[in-house]
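Data first, discussion second: the structure below is written as structure tokens.
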Amino acid sequence: MFSTSKIKNEISRANGHLFKSLFPNKNYNFNFRKIKKFRKFKTVVLIGMGGSILGPKAIYSFLKHKIKKEFIFIDNLDHNFLKEINNKIKISRSLFVIISKSGNTTETIVNSSFFKTYFKKSNVIIISENKNNILANFAKKKNFEFIKHNHYIGGRYSVFSEVGMVPAYLMGLDPFKFKQNLTKILQDKKKLSNSKKNVARIFSKKKNIIIFFNYIPELHDFLLWSQQLLAESLGKNRKGFIPVISNAPKDHHSLLQLYLDGPKDKFFYVFSSYGKKSFKVNCNIFGDKTKYFNKKYYEMIKISQKEAFLKVLKKNNTPFREIKIKKFDEKSLGELFLLFIFETIIFGKKMKINPFDQPAVESVKILTKKFLNLRNSTKKNF
């Protein structure tokens, strides 16, 4: 029997720390009072890769309207971007937050080294496993603020832990509001049953591509987080889904032809928000042919485009689900994070794979280290 109570028990057994991190009374590996002094910084440079940065980035984008400081995210090897940031920020007003679960992530350490001359005890926070690793040792040597990352929680599942909640707190947000409704949801048999049914429905369609068709700009970074969650958790043993992000209505003019008239190998997640009055479009200058959209609210145009898209999907018998965002606050985002985490784990059980590891990724890391060592021994850089 594939029951939601069994799924909850399975999460708790397989990853107890992950399960506990979903509850508001979870004890963090840091003291809010101790890091309160870092809230004074107007610019925060957050350096990390994958799950160590996608969660905080999703929080910042979704709740930017509530945040009164600038966060800069460095999550790739891009020398030009580093130089651009270096020229842009005021070092005296900047805090550096370095996150790596293992403490040995190559890209994170390389990017951090670019700013090393600016590091002081008063402007650096390092989050990592408390083990014999590069970043933990560096933090202890320099006496920087160090926050322990639980090794039981994988990066892509860590948004409710120190990895997501420390940056949220530094943004001026309340970490506990992200979780204020999660206990209730985890005890709501109807909601958990609906998640189970959604997974079963998607699984039954036998599509190997999931399109995140997004009409909400603030949700883009959340979908990057979701993309990693699905791809890295479920892409194993020649199984899995390819999660593709499409931004609408922009992609109406580039990818829609393929989506509607190409191979029938896709399942659509359509993201939209309830209409909000922004401003009325005034296109009088362009003449009478703009009558059908002139004087309409800006958001109403997108809502109409979304409704048209859904109608065509129905007509073509293309499978989809619609996810509507009611509010842009911590509570709503927390519920959205939980929905995707919970359904990903259910997918893993349904597919009979472990959703918590990533063996193929590790093999590339090992080979990268080997090639770099080989270049050192041969004194050949290129």
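The values are calculated or read from the model by the stated rules, or taken from the named source; none is laboratory data. Everything quoted here is computed from the prediction, not taken from an experiment. Using ideal geometry, Cβ is built from the backbone for each residue, glycine included, and neighbour counts are taken over all protein chains shown.
Yes or no: E107 of a type in the set (D, E, K, R) and touching a Leu at 6+ places or on another chain (Cβ under 6 Å)? Explain how you work it out, then say what you get.
Details: of a type in the set (D, E, K, R): yes; touching a Leu at 6+ places or on another chain (Cβ under 6 Å): yes.
Against the criterion (of a type in the set (D, E, K, R) and touching a Leu at 6+ places or on another chain (Cβ under 6 Å)), E107 qualifies.
When Y259 is evaluated against the numbered criteria (1) touching a Gly at 6+ places or on another chain (Cβ under 8 Å); (2) at pLDDT 95 or above; (3) not hydrophobic (A, V, I, L, M, F, W, C), which criterion, by number, is the only one it fails?
Unmet condition: (1).
Check L374 against each of (1) closer than 30 Å to A231 by Cβ; (2) surrounded by 13 or more Cβ atoms within 10 Å (Cβ to Cβ) and name the one condition it does not meet.
Checking L374 against (1) closer than 30 Å to A231 by Cβ; (2) surrounded by 13 or more Cβ atoms within 10 Å (Cβ to Cβ), the one that fails is (2).
For residues that are crowded, with 17+ Cβ neighbours inside 10 Å and β-branched (V, I, T), scanning just the stretch 324-362, find the one that is farthest from P217 (Cα to Cα).
I353
Of all residues being in a loop (DSSP other than H, G, I, E, B) and in contact (Cβ under 8 Å) with a residue 40 or more places away in the chain in the stretch 308-348, which is farthest from L63 (Cα to Cα)? Just the residue, please.
If we filter the stretch 308-348 for residues that are in a loop (DSSP other than H, G, I, E, B), which is where we start, we get 316-319, 326-329.
Those left that are additionally in contact (Cβ under 8 Å) with a residue 40 or more places away in the chain: 316, 318-319, 326, 328-329.
On the way: N316: 36, T318: 32, P319: 30, K326: 13, F328: 6, D329: 6 Å.
Checking each candidate, the answer is N316.
In the stretch 214-232, is there at least one residue being farther than 23 Å from L54 by Cβ and either among the polar types (S, T, N, Q) or exposed (fewer than 15 other Cβ atoms within 10 Å of the Cβ) (or both)? Even if it seems obvious, please write down each step before you answer.
Step one: list which residues in the stretch 214-232 are farther than 23 Å from L54 by Cβ, which gives none.
Within the stretch 214-232, not a single residue is farther than 23 Å from L54 by Cβ and either among the polar types (S, T, N, Q) or exposed (fewer than 15 other Cβ atoms within 10 Å of the Cβ) (or both).
Using beta carbons and a limit of 9 Å, which pairs, at least six apart or on different chains, have the first residue in the stretch 153-173 and under 17 Å from K331 (Cα atoms) and the second one of a type in the set (D, E) and surrounded by fewer than 24 Cβ atoms within 10 Å (Cβ to Cβ)?
From residues that are under 17 Å from K331 (Cα atoms), the pairs are A168/D174; A168/E330; L173/E330.
Do you know which residues across the stretch 299-338 are of a type in the set (F, W, Y) and over 18 Å from N198 (Cα atoms)?
So the first thing to find is which residues in the stretch 299-338 are of a type in the set (F, W, Y), and the list is 309, 320, 328, 337.
Within the stretch 299-338, F309, F328 qualify.
Restricted to the stretch 133-158, and to residues that are in a loop (DSSP other than H, G, I, E, B) and at pLDDT below 95, which residue is farthest from F41 (Cα to Cα)?
Pass one, the stretch 133-158, residues in a loop (DSSP other than H, G, I, E, B): 133, 143-144, 149-154, 158.
Those left that are additionally at pLDDT below 95: 149-154, 158.
Values: H149: 23, N150: 26, H151: 29, Y152: 31, I153: 28, G154: 29, S158: 24 Å.
Going through the qualifying residues, I end up with Y152.
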